[in-house]
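Asks: Provided herewith is a single structure, encoded as structure tokens, for subsequent inquiry.
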Amino acid sequence: MKVRYYISLCVVVITLLLGSCGSSKKEKQVEERTIIVKAPDFNADSAYMYVKQQVDFGPRVLNTKAHHECGDFLNAKLTSFGAKVYQQEFDATIYDGTTYKARNIIGTFNPDMRKRILLCAHWDSRPWADNDPNEKNYHTPILGANDGASGVGVLLEIARQIQMKSPEIGVDIIFFDAEDYGTPQFHKGSHNEDTWCLGSQYWSRRPHVSNYNARFGILLDMVGGKGATFLQEGYSRDYASSVVKKIWKKANDIGYGSYFPKRQGGYVTDDHVPVNQIAKIPCVDIIPYDEGSELSSFGSFWHTVNDNMDVIDKNTLQAVGQTVMEVIYNEK
Ligand code: AHN
Ligand code: ZN
């Protein structure tokens, strides 16, 4: 027998009617509708803890103890949740020609199932705060609580949930390394877009198993910021429009429409681009688009030394985590 969970959603519409003598009157209209929710409850406290555990290692930049230890932690976590874990070591040559050792970490659930979904996030953090308002911080590595750790934290919580109740498809969780080594803004020479997303470029050319395929992929990038809005990113619309529609509809259905407005965002060079263009798997990027911030459309703390635990909001983790779970538990 199929188990179904039911919730009631209250939609409250508040209309402000301004009277002629300056007094105001509030009119409330309450509408109830019933929606079938299939996924288990995502736990944002747990996701938050996984974000913090990564941040507590320090900046996860290549060739450091923090990076090494955090990689081992992610591997151990996925293993403890019952995933079969693959590690891919590769040479990452960054914009200035320096080569570092990097590793992608891949956890697979239900490896024998043919129908699969790919979930991914990057686990490295940026070695330069090159968008910081203070020039003195340009060469300081960032903690990347939002930029990196948030997506991984949400996926670790989803992995924990999968162990407790499996969806009806196979799931692969990939933590890409060396996403955030793109040419820094202080570099005077050329800015090559290929310098970003080194781990996903590597994996897309050499997946962890031969003939790997997935129905679609979802990338989570910077999914913990307070008040974030996730607009529909450009490459995602171009390469995976039906998946975009599916995700934004589910978000709206389960009450997270304010986080997922059905509006078009810009084009972002991110890990989903190689997955779409090289691995040819339709992949959507859930990434914020801050329409109000002057400093960055990804939020005012993006690539600054302020990207720490203070910017992480459990409500945003909840909205994204529950939405992604609702998508995967509806696939069969
Ligand atoms: C660019 O700024 C070209 N891409 C943003 C990708 C990114 C950086 N995601 C996280 N950090
Ligand atoms: Zn970044």
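Asks: Is there any pair with a first residue in the range 246-269 that is of a type in the set (Val, Ile, Thr) and a second that is modelled with pLDDT under 95 whose Cβ atoms are under 7 Å apart and which are 6 or more apart or on different chains, and what are they?
Replies: The qualifying pairs are 254/35; 254/37; 269/193.
Asks: A further question on this structure: Please verify whether the range 128-151 includes one or more residues that are touching a strand residue (DSSP E or B) at 6+ places or on another chain (Cβ under 6 Å), aromatic (Phe, Trp, Tyr) and within 15 Å of ligand 1 (Cβ to nearest atom).
Replies: There is no residue in the range 128-151 that is touching a strand residue (DSSP E or B) at 6+ places or on another chain (Cβ under 6 Å), aromatic (Phe, Trp, Tyr) and within 15 Å of ligand 1 (Cβ to nearest atom).
Asks: Mind checking which residues of the range 54-87 are open to solvent by 20 Å² or more (accessible area, probe 1.4 Å) and polar (S, T, N, Q)?
Replies: Listed by number, the residues that qualify are 63, 64, 75, 79, 80, 87.
Asks: A follow-up question, please. Starting from the range 60-88, keep only residues that are within 21 Å of residue 305 (Cβ to Cβ), then list their pairs with residues that are in a strand (DSSP E or B) and open to solvent by less than 50 Å² (accessible area, probe 1.4 Å) whose Cβ atoms are within a distance under 7 Å, requiring at least 6 positions of separation or different chains.
Replies: What qualifies is 62/92; 62/102.
Asks: Going by the structure shown, is residue 224 surrounded by 17 or more Cβ atoms within 10 Å (Cβ to Cβ), closer than 21 Å to residue 314 by Cβ and within 13 Å of ligand 1 (Cβ to nearest atom)?
Replies: yes
Asks: Select, from 204, 150, 166, 125, the only residue that is over 25 Å from residue 66 (Cβ atoms), touching a residue at least 40 places away in the same chain (Cβ under 8 Å) and open to solvent by less than 20 Å² (accessible area, probe 1.4 Å).
Replies: After applying the criteria, what remains is 204.
Asks: Just one of 226, 262 is more than 28 Å from residue 108 (Cα to Cα) and under 17 Å from the mean Cα position of the chain (by Cα); which is it?
Replies: After applying the criteria, what remains is 226.
Asks: Right, next: Could you please find all residues in the range 291-318 being open to solvent by 40 Å² or more (accessible area, probe 1.4 Å) and of a type in the set (A, V, I, L, M)?
Replies: Across the range 291-318, the qualifying residues are 295, 305.
Asks: Among (1) open to solvent by 10 Å² or more (accessible area, probe 1.4 Å); (2) in contact (Cβ under 8 Å) with a residue 12 or more places away in the chain, there is one condition residue 233 misses while meeting the rest; what is its number?
Replies: Looking at each condition in turn, residue 233 falls short on (1).
Asks: Okay, moving on. Looking at (1) crowded, with 21+ Cβ neighbours inside 10 Å; (2) among the small types (Gly, Ala, Ser); (3) farther than 27 Å from residue 59 by Cα, which is the only condition residue 321 fails?
Replies: Status for residue 321: all satisfied but (3).
Asks: Could you identify the single residue in 274, 261, 288 that is modelled with pLDDT of 95 or more, buried (at least 23 other Cβ atoms within 10 Å of the Cβ) and assigned to a loop (DSSP other than H, G, I, E, B)?
Replies: 288
Asks: While we're looking at this one, here's another question. Considering every residue within the range 140-157, establish whether at least one is over 17 Å from the mean Cα position of the chain (by Cα) and either of a type in the set (A, V, I, L, M) or away from ligand 2 (no atom under 16 Å from the Cβ) (or both).
Replies: Yes.
Asks: Follow-up question, since we're still on this one. Can you find a residue in the range 128-135 that is within 18 Å of the chain's Cα centre (by Cα), open to solvent by 10 Å² or more (accessible area, probe 1.4 Å) and under 21 Å from residue 220 (Cβ atoms)?
Replies: no
Asks: Could you tell me whether any residue of the range 296-311 is within 21 Å of residue 200 (Cβ to Cβ), in a loop (DSSP other than H, G, I, E, B) and among the charged types (D, E, K, R)?
Replies: Among the residues of the range 296-311, at least one is within 21 Å of residue 200 (Cβ to Cβ), in a loop (DSSP other than H, G, I, E, B) and among the charged types (D, E, K, R), which makes the answer yes.
Asks: Please find, within the range 158-207, the residue that is modelled with the highest pLDDT out of those that are β-branched (Val, Ile, Thr) and within 16 Å of ligand 2 (Cβ to nearest atom).
Replies: For the range 158-207, the residue satisfying everything is 183.
The values are calculated or read from the model by the stated rules, or taken from the named source; none is laboratory data. Bear in mind that the values here come from a model prediction, so they are computed numbers and not experimental data. Positions of Cβ are backbone-derived with ideal geometry, glycine not excepted, and every protein chain shown enters the neighbour counts. For the accessible areas, the whole protein counts, side chains as well, though only heavy atoms, and no ligand, DNA or RNA atoms are used. Shrake-Rupley method; radii C 1.70, N 1.55, O 1.52, S 1.80 Å.
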